[in-house]
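Read the structure below first, then the notes.
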Amino acid sequence: MNIKELTKGLFKENPTFIIMLGMCPTLGVTTQVINALGMGAGVLFVLFFSNILISALKNIIPNSIRIPCYIVIIASFVTIVEMVLHAFAPSIYSALGVYLPLIVVNCIILGRAEAFANKNSIVDSALDAIGMGVGFTMSLTLIALIREVFGSGTITLFAIGNFNGVLKIPVLYQWPVRVISLAAGALLLMGYLKAFFQWFSEKKKGVAK
Amino acid sequence: MKKYLKTALILFVICAAAALLLAVFNSVTAPKISAYEAEQKTAALKNVSGGASIGEYVIVPEGSMVNGYYTLDNGGYILNLTANGYGGSILLVASYSADGILSAAQVISNSETPGLGKKSEESWYMDKFIGKGQNMPIRKTSLSDSDAQAVSGASMTFTGISKALLAGSNFVATLDGGKN
């Protein structure tokens with residue numbers, strides 16, 4: 001067991017900003033904070049179970065058919081998540097819409113199966129999945145927060161009791177910078193954040209030397 | 001030869017196990033999902049009926065966007081419409097008065113983009129169509145500036161829904177033509 005496997009996904013090998021995996025949902029789903037949290041939770045769940053199962057089966061699955069096997073395993077977990085959410089949490093299910101089935105082809109999950117789980121022990125794979133899943137959720141939430149605050153002037157969270165789940169930000173709500181909530185804004189913001197994280201990690205490396 | 005058989009067998013076993021697992025989950029969740037969907041549909045119908053009692057459902061055989069309709073006791077109709085959105089079909093229910101003026105509409109199911117076309121689910125989205133019949137705004141240029149947030153980034157959804165609503169209005173007009 002290696003605790004590094006858990007923490008590396010958070011910053012050092014953050015799936016979104018450093019290894020640039022899973023860009024499609026990152027750009028698509030980050031219009032509202034709640035969507036980012038839901039997507040992150042879905043990916044975390046699927047990644048956790050698929051990593052464990054693939055790691056457990058790594059000596060059984062022949063190398064020549066590993067990709068079809070991984071896809072079957074991942075697709076099964078995604079379908080389970082989809083059915084369970086549809087039955088027990090229909091509001092999250094309808095909010096995530098088309099992105100839920102897209103987790104099947106989310107390259108984070110296949111990427112971790114291929115690059116990590118089929119070479120490492122079950123415990124390490126589980127830690128890797130948690131780290132990567134939490135790292136992905138954090139980056140998604142960061143992007144969604146910036147896009148929603150500037151693009152719509154709101155922060156949408158879960159509705160609890162009297163609180164309808166939407167926080168309105170005074171000035172930005174009246175005059176939002178609409179382009180940030182559109183696809184072009186997502187690409188621009190992604191570029192700036194990537195540049196920032198690049199600068200940050202370069203700087204850190206420089207200090208370490 | 002033996003190697004190929006072994007590989008095929010492993011793939012078969014994995015697929016069979018996955019199918020079994022899915023079947024178990026499906027048997028647990030399927031009744032809940034269909035109950036939820038039926039409940040949503042009844043709620044949507046009640047919402048758009050405006051208090052009038054809803055009659056029998058009549059299926060329209062070859063309607064382009066109109067799937068069927070309910071007759072209301074106040075002389076109006078509720079139509080079941082299918083619109084072409086960005087992410088596939090959008091199902092909606094819309095109620096019209098006898099002369100084809102839209103009085104309420106609601107999206108039941110869709111696969112539109114969250115944050116963009118998904119906004120069509122919200123109650124304010126249909127406001128710009130209500131009270132209109134043949135003059136339904138089917139182009140984004142026929143909307144006022146304040147409707148920009150409904151359309152920006154989601155003009156496919158808007159066009160799809162407005163075309164379906166217009167088709168519904170036309171359909172209601174033919175219904176009444178037959179009656180008179």
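Modelled spin-label separation between B:Met1 and A:Ile71, with each label point placed 7 Å from Cα along the Cα-to-Cβ direction: 2.9 nm.
For the pair B:Cys15 and B:Arg139, what calculated FRET efficiency results from E = 1/(1 + (r/R0)^6), where r is the Cβ-Cβ distance and R0 = 35 Å, to the nearest 0.05? E(calc), rounded to 0.05, equals 0.10.
For chain A, the alpha carbon convex hull comes to 143 Å³ per residue, rounded to a whole number. For region A:104-122 and region B:91-127, what is the separation of their C-alpha centers, rounded to whole Å? Spelled out, the Cα-based centre of one part sits 41 Å from the other. Distance from the Cα centroid of region B:34-55 to that of region A:5-83 is 38 Å (rounded to whole angstrom). Evaluated with a Cβ-only charge set (Lys, Arg +1; Asp, Glu -1), region A:4-203 carries a dipole of roughly 240 debye about its Cα centre, given to the nearest 20.
So if we plug the beta-carbon distance of B:Val24 and A:Ser121 into 1/(1 + (r/R0)^6) with R0 = 30 Å, what FRET efficiency do we get, rounded to 0.05? After rounding, the FRET efficiency stands at 0.60.
For region B:1-27 versus region A:131-146, the spacing of their alpha-carbon centroids is 34 Å.
What dipole magnitude, in Debye to the nearest 20, does the protein assembly as shown give about its Cα centre under +1 on Lys/Arg Cβ and -1 on Asp/Glu Cβ?
1640 debye
Projecting the Cα positions of B:Tyr57, B:Asn80, B:Met126 onto the charge dipole of region B:52-179 (unit charges on Cβ atoms of Lys, Arg, Asp and Glu, taken about the Cα centre) puts B:Met126 furthest along the positive direction. Among A:Gly153, A:Gly185, A:Gly165, the largest mean-square fluctuation in a Gaussian network model of chain A, built with springs joining Cα atoms closer than 10 Å, belongs to A:Gly165. Among the protein heavy atoms of chain B, carbon and sulfur supply 59% of the accessible surface, probe 1.4 Å, non-protein parts ignored. Every helix of 4 or more DSSP H residues in the protein assembly as shown counts as -39500 (n - 2.57), and over all residues that averages to -18000 deg cm²/dmol at 222 nm. Heavy atoms of chains B and A lose about 2300 Å² of accessible surface on contact, summed over both sides with a 1.4 Å probe. Projecting the Cα atoms of B:Val107, B:Tyr70, B:Ala154 onto the charge dipole of region B:28-158 (Cβ charges, centred on the Cα centre) puts B:Ala154 farthest toward the positive pole. Compared with the dominant Cα axis of chain B, that is its longest principal axis, helix B:155-179 is turned about 60°. Can you tell me the orientation of helix B:2-49 relative to chain B, as the angle in degrees between its alpha-carbon axis and the longest Cα principal axis, to the nearest 10? Around 20 degrees separate the two axes. In this Cβ point-charge picture (+1 for Lys and Arg, -1 for Asp and Glu), region B:63-180 has a dipole of about 260 debye about its Cα centre.
Applying a DSSP loop filter and a limit of 15 other Cβ atoms within 10 Å to the trypsin sites (Lys or Arg not before Pro) in region A:59-142 leaves A:Lys119.
In the structure shown, do any of B:Lys32/B:Lys119; A:Lys8/A:Lys204; A:Lys194/B:Lys118; B:Lys118/B:Lys140; A:Lys168/A:Lys194; B:Lys128/B:Lys163 have a Cα-Cα gap over 22 Å, and if so which?
Over 22 Å Cα-Cα: B:Lys32/B:Lys119; A:Lys194/B:Lys118; A:Lys168/A:Lys194.
With both labels modelled 7 Å from their Cα along Cα-to-Cβ, the A:Leu187 to A:Lys203 distance reads 2.8 nm.
Past the 31 angstrom mark, what percentage of all C-alpha to C-alpha distances in chain B do you count? Cα-Cα pairs of chain B separated by over 31 Å account for 31 percent. A simple spin-label model places the labels of A:Gln174 and B:Gln40 3.7 nm from each other, with each point 7 Å out along Cα-to-Cβ. Pairs of Cα atoms in the protein assembly as shown fall into 20 Å distance bins, from 0 up to the last occupied one, in shares of 24, 48, 25, 4, 0 percent.
On the basis of the beta-carbon distance and an R0 of 56 Å, A:Ser64 and B:Asp99 show a calculated FRET efficiency of 0.25.
The values are calculated or read from the model by the stated rules, or taken from the named source; none is laboratory data. All values reported here derive from a predicted model rather than from experimental measurement. Note that we place each Cβ from the backbone using ideal geometry, even for glycine, and neighbour counts take in every protein chain shown. Please note that ligands, DNA and RNA were not included when accessible areas were found on the heavy atoms of the full protein model with its side chains. Shrake-Rupley method; radii C 1.70, N 1.55, O 1.52, S 1.80 Å.
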